[in-house]
1. Please give the FRET efficiency for residue 559 paired with residue 242, using the beta carbon to beta carbon distance and R0 = 45 Å, rounded to the nearest 0.05.
2. Starting from 0.36 nm per residue, how many nanometres of slack lie between residue 469 and residue 301 once their C-alpha separation is accounted for?
3. Whole number in Å², please: accessible area per residue of the chain, 1.4 Å probe, ligands, DNA and RNA not counted.
4. I need to check one value: relative contact order of the range 152-253, counting alpha carbon pairs closer than 8 Å and at least 6 residues apart, in percent.
5. Applying the Karplus parametrisation 6.51 cos²θ - 1.76 cosθ + 1.60 with θ = phi - 60° to the phi angles of the range 153-160, what ³J(HN,Hα) value in whole Hz is obtained for each residue in order, glycine and proline being reported as x?
6. Kirkwood-based Rg over Rh for the range 499-560 (C-alpha set), two decimals?
7. In what sequence, largest accessible area first, do 480, 433 appear using a 1.4 Å probe?
8. Out of all Cα-Cα pairs in the range 62-192, roughly what percent, to the nearest whole number, are more than 24 Å apart?
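The values are calculated or read from the model by the stated rules, or taken from the named source; none is laboratory data. Owing to the predicted nature of the structure, the values given are computational and were not obtained by experimental measurement. Neighbour counts run over all protein chains shown; Cβ positions are idealised from the backbone, glycine included. Protein only, heavy atoms only, side chains kept; ligands, DNA and RNA dropped before computing areas. Shrake-Rupley method; radii C 1.70, N 1.55, O 1.52, S 1.80 Å.
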Amino acid sequence: MAIVQPAEPAAANARAALIDFETHPARYRHWRLEVAPPVARLILDVAETGGLFDGYALKQNSYDLGVDIELADAVQRLRFEHPAVSVVMITSAKSIFSAGANIRMLAGASHSHKVNFCKFTNETRNAIEDATRCSGQRYICALNGSAAGGGYELALATDYILLVDDGNAAVSLPELPLLAVLPGTGGLTRLVDKRGVRRDIADVFCTLEEGMRGERALQARLIDELAPRSTFDARANALAASFARPPASADAGVTLTPLRKQRQGSDIRYQYVSVTAQHAGGYVQLELRGPESDAPRDAASALQQGEHFWPLVLLRELDDALLELRFNEPTLGTIVLTSRGDADRVFAFDALLTADEPQPFLREVGLLARRVWKRLDLTARSIFAVIEPAGCFVGFLAEAAFAADRTYMRDGVRDGEHAFIVLSRGNFGAYAMVNGLSRLATRFIGDPQLLAHARDSIGQRLDARSALAAGLVTFAIDDMDWEDELRLAIESRAGFSADALTGLEANLRFAGPETLESKIFARLSAWQNWIFQRPNATGAEGALSLYGSGRRPNFDRHRT
């Protein structure tokens, strides 16, 4: 695709401090990862002076995005590098477990950073639950001290909560009485949907700044077990031993090596992904490239390729690119997704991922694909997929096109080739969205016959007219009009309100049933987004702005 844009103004090249989402246990400042299969321990020990930005101290194991980036990295590495681990214990090196998200950080952060921070934290919590559900790694939270706000929300994401019974340790979600906001990383939803806490009890709990301790917390189902200080460590270790299971495979793990990543101004080039910013046009071109060699012949050969296995490399790169766009490029409102590569090779790799009983390494790559496509779904950007000759929207890569708000397909011959799209059986459930449905099932929620027709076309090369008739693309555009149609579509999108577009897209993308995940993102995150902009929280006399000043907030009492 070639869309000509005017030269970018010099001001567009001015760059704020960039957030890097790559890390490694050797570089952690806030967590310690100790692995002794079948048990691993994630120990929270936040460095007070290790904040991602200046202006606040991370006291009492409070956290910011930098702490969560390390946690997300650890959760991912445990799945790929340590398949023999079946139990992960999260605990604290301090006398308090965690005071939650750092309030000074929240008060000083931009609105967009606050919202994206909550979203990233939600995705990490969901990844913990996904590891338990799909990878056989059960998480235990050993609360050796009080857990407040996001600290307790982290505990809620685990499978079992043990609280020290010392008369002081409590669990709490004090955001409402303390800051006039909500527990923004899934707390409310997990209380009632996951733990089955009665809503009247949850209502009382969420209005108590001090939370609940000991037996009261146990009776309310806020925790699973109490243990006195004298036997707490022994009980936590016994729980871990009782939860442990033999590894599903004797295969060694795969080391996640650093990404090959080069920056040039706002552009980023990875091995198989490219990000090309068009600031003047308000969009970014995101290209996905196919493999450079044939797929391995079987699962054992795929495992031998390890960290160089093409789908794993591409998915890790795309995940990093999406986070870069969220946090470092907030004004690029439209993602134009393209692909380039050998479709037959992509389909052969896809066949490995969609085997009836994939080897554990391949299973983890497929699960990573599901998480990355969810990240794309949840990215607050307009998404246009562009399918041209020499593209490779095939199998699991076709999910990128189905995640798009619109899909444009070129109808014509270019260099002797037609544009086409190829479905595989993985497109019918392996990469479910947060609503629990495949993207195709969500797309055809009002016409199940089209879904059945799409299933019948698995493995076929569907050209522009066939794909249009099957409902798989939005537009099939001939060569003569191709460039103009794309240019006008992108220009038109840039002329709309960014806020209204985010609301429009989020409402349209997730048709169908609700799940715990969809409630967290569609309800809780949306409400938190709104509340963060209201004067009761962030105005000059709002609770978040005045926290620690000794002054009482002045609330607008109007209900809206």
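1. On the way: r = 48 Å, r/R0 = 1.08.
Here the calculated transfer efficiency is 0.40.
2. Working: separation 168, 0.36 × 168 = 60.48 nm, distance 3.89 nm.
Value of the extension gain: 56.6 nm.
3. On the way: 23630 Å² over 560 residues.
Roughly 42 Å² per residue, with all protein chains present.
4. Value for the range 152-253: 35 percent.
5. Taking θ as phi minus 60°, the curve returns 4, 4, 4, 4, 6, 8, 8, 7 Hz for the range 153-160.
6. In the range 499-560, Rg relative to Rh is 1.13.
7. Values: 480 165, 433 10 Å².
Ranked list, largest accessible area first: 480, 433.
8. Here the tail beyond 24 Å accounts for 27 percent of pairs.
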